[in-house]
Amino acid sequence: MLTIPDRWGPCCLSEPRLPFLNLPGTSAQLGDPVQVAERLATLLPVRSCDTQERPSPARPFRCHTGGLRLGPLSLVAIWGPGLRGEVDGIAQASFILPYRGQGHFRLGRSSLRNLAGRTLLYLPPEPWRTSNDAMGGITIRLDPALIRQVGLTMAGPRAAPEAWQALATHPLVVELEQPSNPVRFERLYRLMLFIDGLLLRQGGVSDLLRLDDLLLRQIVEVLAPALLADRAAPDPEVSDCAIDALVDWIHAHCHEPISLSELEQRSHYSRRSLQYAFKARFGCGPMQYLRRQRLWLARRRLEDPGPECNVSSIASACGYLSLASFSRDFQRRFGTSPSNMLAQRRWSWKGK
């Protein structure tokens with residue numbers, strides 16, 4: 001896993017460490033800036049793209065791109081020589097994580113710098129121009145309304161909508177040296193490496209995991225730690241009725257994709273209040289409680305299996321990435337392995 005040094009330089013990460021560059025079907029090695037523009041245009045509204053330096057036989061143009069769509073998010077990775085270009089704003093914002101080099105951005109009258117290992121950059125949905133001395137990084141495209149929506153949900157009922165609206169509609173450079181930001185940065189990088197590894201190993205991401213929501217929440221934490229930490233007025237006490245209603249909803253929908261943001265939104269409490277309420281009542285957080293219910297769902301399916309049913313398909317249907325972790329959690333919860341339960345059930349049927 002990636003560990004970010006206290007002061008990492010502009011080229012501390014090599015190309016193989018950059019997520020999303022080697023995904024089958026989306027990764028490409030390109031030898032012309034026109035090809036780069038065409039490739040990026042599938043995920044970014046690129047208007048123009050050109051090299052900073054003219055290629056030569058001694059130094060030919062080489063650029064590596066890749067990307068994916070994750071729920072409402074578009075992620076684009078690029079590694080290559082310095083480029084300059086223009087991007088149309090359309091309706092999406094850009095969250096830009098540089099892995100090497102430094103980029104200069106013009107957004108209306110604003111001029112911003114994005115330095116690898118030192119900053120991250122958020123650009124609202126407006127046209128912008130950029131020039132970079134070396135390309136290496138990830139751009140995440142997203143609807144700015146998601147920043148406001150998820151931020152308000154995480155902050156809870158006392159949050160100020162105007163502050164979150166301002167955050168979503170103004171450019172922002174986030175400094176790594178600000179307190180607690182190195183930890184937030186590293187979580188973000190680790191999550192992207194995890195998603196990349198998952199796609200390379202399994203070829204897809206289960207919707208049940210709602211990794212798009214997890215990534216979006218980490219982006220919000222990087223952009224607005226002060227807004228999330230503002231606890232001028234505490235949440236009202238979490239009522240048993242509110243938790244009962246949320247628990248009933250989890251039981252009815254645990255077979256569907258459920259995100260932590262959705263649970264917070266339905267409860268009308270901040271992430272902290274909801275975590276405290278679940279831990280006080282169930283000894284775990286809301287997402288851990290959801291996993292427990294999915295284990296019960298897996299047990300019911302094992303007790304009444306269809307002809308094509310197997311342990312691997314049930315584990316995947318219940319949101320587990322690994323058959324080993326599913327078997328371990330099932331054994332701890334029910335005192336027997338899922339394979340034993342399935343075998344015993346089918347054996348009892350044969351005896352009838």
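Some points to look at:
- Of residues in segment 119-165 being assigned to a loop (DSSP other than H, G, I, E, B) and surrounded by fewer than 19 Cβ atoms within 10 Å (Cβ to Cβ), the one farthest from the chain's Cα centre (by Cα): D133
- Search result, residues across segment 161-185 that are small (G, A, S) and touching a helix residue (DSSP H, G or I) at 6+ places or on another chain (Cβ under 8 Å): A163, A168, S180
- When segment 84-96 is limited to residues that are of a type in the set (A, V, I, L, M) and modelled with pLDDT of 90 or more, the one that is nearest to E53 (Cα to Cα) turns out to be I96.
- Count of segment 196-208 residues which are surrounded by fewer than 21 Cβ atoms within 10 Å (Cβ to Cβ) and closer than 24 Å to A93 by Cα: 2
For (1) out of contact with any strand residue (DSSP E or B) (no Cβ under 8 Å at 6 or more places or on another chain); (2) acidic (D, E); (3) not in a loop (DSSP other than H, G, I, E, B), each residue gets a yes or a no:
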{"residue": "D212", "(1), (2), (3)": "no, yes, yes"}
{"residue": "E221", "(1), (2), (3)": "yes, yes, yes"}
{"residue": "L228", "(1), (2), (3)": "yes, no, yes"}
{"residue": "A252", "(1), (2), (3)": "yes, no, yes"}
{"residue": "Q265", "(1), (2), (3)": "yes, no, yes"}
{"residue": "C284", "(1), (2), (3)": "yes, no, no"}
{"residue": "A298", "(1), (2), (3)": "yes, no, yes"}
{"residue": "G306", "(1), (2), (3)": "yes, no, no"}
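- In segment 100-109, the residues that are at pLDDT 90 or above and either over 25 Å from the mean Cα position of the chain (by Cα) or surrounded by 22 or more Cβ atoms within 10 Å (Cβ to Cβ) (or both): G103, H104, R106, L107
- Candidates are the residues of segment 24-56 that are in contact (Cβ under 8 Å) with a residue 40 or more places away in the chain and in a loop (DSSP other than H, G, I, E, B); the one that is nearest to L198 (Cα to Cα) is P24.
- Y269 being more than 24 Å from D207 (Cβ to Cβ) and in a loop (DSSP other than H, G, I, E, B): yes
The values are calculated or read from the model by the stated rules, or taken from the named source; none is laboratory data. Nothing here was measured: the structure is a model prediction, and the numbers come from that model. For neighbour counting, all protein chains shown are included, and Cβ atoms are generated from backbone atoms with ideal geometry for every residue, glycine included.
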